[in-house]
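*Asks:* Encoded as C-alpha cells, here's the structure I'll be asking about.
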Amino acid sequence: MTTPLQNSVAVVPAAGSSTRFGTMKLLADVSGAPLLERTLASLLDAGVAQVIVVTRAGAAFEAVPSMADPRVTAVVNPDPARGMFSSIQAGLAGAGGAVVLVLPADMPFVTPQTVAAVVARAAATGSVVVPVYETRRGHPIAIPGPLCDALLGLGPTTTLKDALAASGASMVLLDVPDAGVLRDVDVPGDLTSG
C-alpha cells in the first residue's frame, strides 16, 4: 500500500538573490551543514518521494550533499526577478504528486515530523494544508496535486497566498508544535534567533 509520503513532491524555491543576507545564504553554516542541506534533509528524512529545487541560472550547490540525492532534481527559473511565485510555478510544472509541498529553501528549521503531518493531513482531506504555530501560519504548505494546473495558469508576479485564495480551494489549518514553520532566514542573525 502506497503511503501519502510516497506520492508526494516538494517544491523548494531557491532562486532568490540573498541581498539582505549579504552572502549566499543557502550555503551558510547551520549546525555544521549548509542551510539548504538542512531544508532538504527535513523533506527527505520525512520520506517525501521527490524534491524539486528551483534555482537561478549559474547557482552552484556542489557543497550541498542532498543535491546529489536521486530524489532531488534541480530546475532553473529563467527569470527569478519576477518573484518567488514564479519559482514555485517552475517547480510545479514538473511536479506530479498527489500532494505537492512548498517549502522555501531558507527555512532549515522545519522538522521531518511536521513535513509528514502536513502531507498526511493533505492526503486525508484533499485540501490545502497550512501548518500553524501559536496562531501564526507557516510552511511547508501542502497543495492537492489537481490544484497545480490552476496555479500554473496565474501571473508569475502574484503570491502563493493570493493564488490559493483566488483558487477557492478548501484550506485546513494544522496546529503543530514546531516553531520552525515560521523561521525563515533573511539576515545572519536569523540563524541564531528564535
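The values are calculated or read from the model by the stated rules, or taken from the named source; none is laboratory data. Just so we're clear, the structure is a prediction, and the values are computed from it rather than from any experiment. Methodologically, a virtual Cβ is constructed for each residue, glycine included, from the backbone with ideal geometry; neighbour enumeration extends over all protein chains shown.
*Asks:* So for segment 174-190 (the condition being closer than 24 Å to D79 by Cα, surrounded by fewer than 19 Cβ atoms within 10 Å (Cβ to Cβ), at pLDDT below 90 and not acidic (D, E)), does at least one residue qualify?
*Replies:* Yes, segment 174-190 contains at least one residue that is closer than 24 Å to D79 by Cα, surrounded by fewer than 19 Cβ atoms within 10 Å (Cβ to Cβ), at pLDDT below 90 and not acidic (D, E).
*Asks:* Could you list, in sequence order, all residues of segment 1-41 that are assigned to a helix (DSSP H, G or I), among the charged types (D, E, K, R) and either at pLDDT below 85 or in contact with a helix residue (DSSP H, G or I) (Cβ under 7 Å, 6 or more places away or on another chain) (or both)?
*Replies:* Applying the first criterion (assigned to a helix (DSSP H, G or I)) to segment 1-41 yields 4-7, 25-27, 35-41.
This time we only want the ones that are among the charged types (D, E, K, R), so: 25, 37-38.
K25, E37, listed by residue number.
*Asks:* For the structure I just gave you, tell me whether L44 is assigned to a helix (DSSP H, G or I), of a type outside the set (S, T, Y) and touching a Lys or Arg at 6+ places or on another chain (Cβ under 9 Å).
*Replies:* The answer is yes for L44.
*Asks:* Which number in (1) at pLDDT 95 or above; (2) surrounded by fewer than 18 Cβ atoms within 10 Å (Cβ to Cβ) marks the one condition that P78 misses?
*Replies:* (1)
*Asks:* I would also like to ask the following. Could you list all residues from segment 62-75 that are in contact (Cβ under 8 Å) with a residue 12 or more places away in the chain and outside any loop (DSSP other than H, G, I, E, B)? I'd like the intermediate steps shown before the answer.
*Replies:* Just the residues of segment 62-75 that are in contact (Cβ under 8 Å) with a residue 12 or more places away in the chain, to begin with: 63-67, 69, 71-75.
Result: P65, S66, M67, V72, T73, A74, V75.
*Asks:* Still on this structure, I have one more. Search segment 164-173 for residues being surrounded by 15 or more Cβ atoms within 10 Å (Cβ to Cβ) and modelled with pLDDT under 90, and hand back the single one that is nearest to A117 (Cα to Cα).
*Replies:* Going through the qualifying residues, I end up with A169.
*Asks:* Does at least one position in segment 48-61 carry a residue that is over 23 Å from A165 (Cα atoms), in a strand (DSSP E or B) and more than 13 Å from the chain's Cα centre (by Cα)?
*Replies:* There is at least one residue in segment 48-61 that is over 23 Å from A165 (Cα atoms), in a strand (DSSP E or B) and more than 13 Å from the chain's Cα centre (by Cα).
*Asks:* If only one of A166, A123, A142 is under 23 Å from G96 (Cα atoms) and under 15 Å from the mean Cα position of the chain (by Cα), which one is it?
*Replies:* A142
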